[in-house]
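Enquirer: Dropping a structure here in structure tokens format, bear with me for questions.
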Amino acid sequence: MKIFSLYNIKGGVGKTTTAVNLAYLSASEGARTLIWDLDPQGSTSYYLCVKPSIKGGTKELLGGRPDPQSALRMTGFPNLDLLPADITYRHMETQIDHQSKPLLALQRILKPLQKQFDHVFVDCPPGIGMVAENVFHMSDVLLIPLIPTPLSLRAYNSLVQFLVKRRANRLQVLPFFNMINDHKPIHRVVTRNVFGKHPIFLQSIIPESNIIEAMGVKRSPVFSYARESQEATAYRNLWNEIKQRDARRTRTPAPV
Ligand SMILES: Nc1ncnc2c1ncn2[C@@H]1O[C@H](COP(=O)(O)OP(=O)(O)OP(=O)(O)O)[C@@H](O)[C@H]1O
Ligand SMILES: [Mg+2]
């Protein structure tokens with residue numbers, strides 16, 4: 001079971017949108033795929049038309065009761081299941097602190113599902129508390145969507161410094177740009193500078209697009225309603241590049 005987490009300290013950068021589309025692609029290729037909506041906002045659950053609710057909430061889930069198996073929901077897409085959000089996830093930071101081994105709390109939840117899934121996509125909430133530390137600990141790949149602005153890069157640099165200090169060497173960090181708008185000079189300048197100097201960044205970019213934003217209305221991945229669009233192709237390219245990079249493990253991240 002390989003765990004890909006969509007993560008950024010910043011909010012509103014495209015974690016959920018990307019998680020849903022990549023999980024769909026993974027499942028459509030036949031990989032048994034789970035998407036975990038770890039954000040109390042429940043946006044992934046909303047996109048996939050599943051009620052954001054877990055019986056017993058965060059406390060029971062962290063305690064292993066019930067088995068996470070019973071919390072899984074089908075999405076209607078072949079090979080794609082969802083571990084939904086629950087509003088009580090808002091207490092997760094403090095409840096993780098009360099666990100006997102706080103850094104392993106989220107990993108423990110996924111453990112019984114290990115043989116059942118090939119790929120897990122975790123849609124993380126923004127922030128850098130204990131939930132994030134758990135995500136760094138349990139994930140194989142950290143996928144970081146960034147809007148190409150100086151403030152976004154600043155947040156990315158803080159994260160890289162944090163990971164280097166924590167010696168999170170096992171974790172493969174793959175940043176990429178989302179919501180690129182070629183008409184914005186700042187986007188052109190930032191992407192040109194970063195691509196020239198930082199090969200750790202994925203070359204595939206996701207454009208700013210009304211078709212992608214429409215996911216909120218259609219409540220489904222872009223492939224359901226715009227399969228042949230450039231946006232669908234952009235997500236396919238991104239997923240293919242992630243798989244290639246994943247196969248040949250890459251560099252340690254450095255500040256940009
Ligand atoms: N490439 C894109 N083009 C246009 N709109 C986009 C794109 N990616 C995401 N959005 C829109 O931007 C908003 C934020 O996206 P999303 O919810 O995926 O971000 P997030 O990082 O998960 O946010 P949060 O931190 O609140 O969980 C949403 O309204 C979404 O529809
Ligand atoms: Mg989100």
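Enquirer: Only one of these is over 17 Å from the mean Cα position of the chain (by Cα) and surrounded by 15 or more Cβ atoms within 10 Å (Cβ to Cβ): Ser229, Ser220. Name it.
Expert: Ser229
Enquirer: Something else: Go through the stretch 1-22 and give me each residue that's assigned to a helix (DSSP H, G or I) and more than 9 Å from ligand 1 (Cβ to nearest atom).
Expert: Asn21, Leu22
Enquirer: Return the residues of the stretch 41-71 that are buried (at least 17 other Cβ atoms within 10 Å of the Cβ), within 19 Å of Arg219 (Cβ to Cβ) and touching an Asp or Glu at 6+ places or on another chain (Cβ under 7 Å); say none if nothing qualifies.
Expert: Thr44, Ser45, Pro52
Enquirer: Given the conditions (1) exposed (fewer than 12 other Cβ atoms within 10 Å of the Cβ); (2) outside any helix (DSSP H, G or I); (3) of a type in the set (S, T, N, Q), report the number of the one that Gln244 does not fulfil.
Expert: Result: Gln244 fails condition (2) only.
Enquirer: Related question: For the list (1) in a helix (DSSP H, G or I); (2) open to solvent by less than 20 Å² (accessible area, probe 1.4 Å); (3) hydrophobic (A, V, I, L, M, F, W, C); (4) within 27 Å of Pro52 (Cβ to Cβ), I need the number of the one condition that Leu104 fails.
Expert: That leaves (2) as the condition not met.
Enquirer: Any residue in the stretch 119-131 that's part of a loop (DSSP other than H, G, I, E, B): show its pairings with residues that are hydrophobic (A, V, I, L, M, F, W, C) and within 11 Å of ligand 2 (Cβ to nearest atom) at Cβ separation under 7 Å, as long as the two are six or more apart or on different chains.
Expert: As it stands, the answer is Cys124/Leu6; Cys124/Leu38; Pro125/Leu38, since those pairs meet every condition given.
Enquirer: Further, regarding this structure: Does Leu153 satisfy the criteria of being under 25 Å from Asn240 (Cα atoms), under 16 Å from the mean Cα position of the chain (by Cα), hydrophobic (A, V, I, L, M, F, W, C) and buried (at least 16 other Cβ atoms within 10 Å of the Cβ)?
Expert: no
Enquirer: Across the stretch 172-201, what is the number of residues that are surrounded by 20 or more Cβ atoms within 10 Å (Cβ to Cβ), part of a loop (DSSP other than H, G, I, E, B) and within 16 Å of ligand 1 (Cβ to nearest atom)?
Expert: Number of matching residues: 0.
Enquirer: Out of the residues in the stretch 57-89 meeting the condition of being of a type in the set (Val, Ile, Thr) and out of contact with any strand residue (DSSP E or B) (no Cβ under 8 Å at 6 or more places or on another chain), tell me which one is nearest to Arg32 (Cα to Cα).
Expert: Going through the qualifying residues, I end up with Thr58.
The values are calculated or read from the model by the stated rules, or taken from the named source; none is laboratory data. Being a predicted model, the structure only gives us computed values, none of them experimental. As a convention, Cβ positions derive from the backbone with ideal geometry for all residues, glycine included, and neighbour counts pool all protein chains shown. Areas reflect the complete protein model, heavy atoms only, side chains present, ligands, DNA and RNA absent. Shrake-Rupley method; radii C 1.70, N 1.55, O 1.52, S 1.80 Å.
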